[in-house]
Amino acid sequence: MAHSFSQAMYTLRKRKGLSQRAVAADLHISQALLSHYENGAREPGLDFVCRACAYYNVSADYLLGLTDTDTHCAEQKALAEILAELEELSARVKQALKETES
């Protein structure tokens, strides 16, 4: 297992710079329950896991500790690689057009 659910919940909240009170309110649970989730004293139901995934924009695999890959970050990296390839292709097309004009 890459990490625990409680570690993922804590890390994601800290990464966003949010308080337990704010996250609990956004996820429609008490601050005490969120604290229990973050310290591993309680385990959530499926409904909460789905809400937390949507809230933090991560996959259930990441939140449940089955992977260390944060989906959002992986998608951003893939998009950045595609953008770089398109920019390179665009530069080559521009160069080829210049060469044919000469």
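The values are calculated or read from the model by the stated rules, or taken from the named source; none is laboratory data. As the structure is a prediction and not an experimental result, all values here were calculated from the model. With ideal geometry, Cβ positions are generated from the backbone for all residues, glycine too; neighbour counts draw on all protein chains shown. Accessible surface is based on the protein model in full, side chains and every heavy atom, while ligands, DNA and RNA are left aside. Shrake-Rupley method; radii C 1.70, N 1.55, O 1.52, S 1.80 Å.
The criterion of at least 1 residues that are open to solvent by 70 Å² or more (accessible area, probe 1.4 Å) and either of a type in the set (S, T, N, Q) or in contact (Cβ under 8 Å) with a residue 24 or more places away in the chain (or both) is met by the following helices (runs of 4 or more DSSP H) wholly inside the range 6-102: 20-26, 31-39, 46-56, 71-101. The one condition from (1) closer than 23 Å to A2 by Cβ; (2) touching a helix residue (DSSP H, G or I) at 6+ places or on another chain (Cβ under 6 Å) that K16 does not meet is (2).
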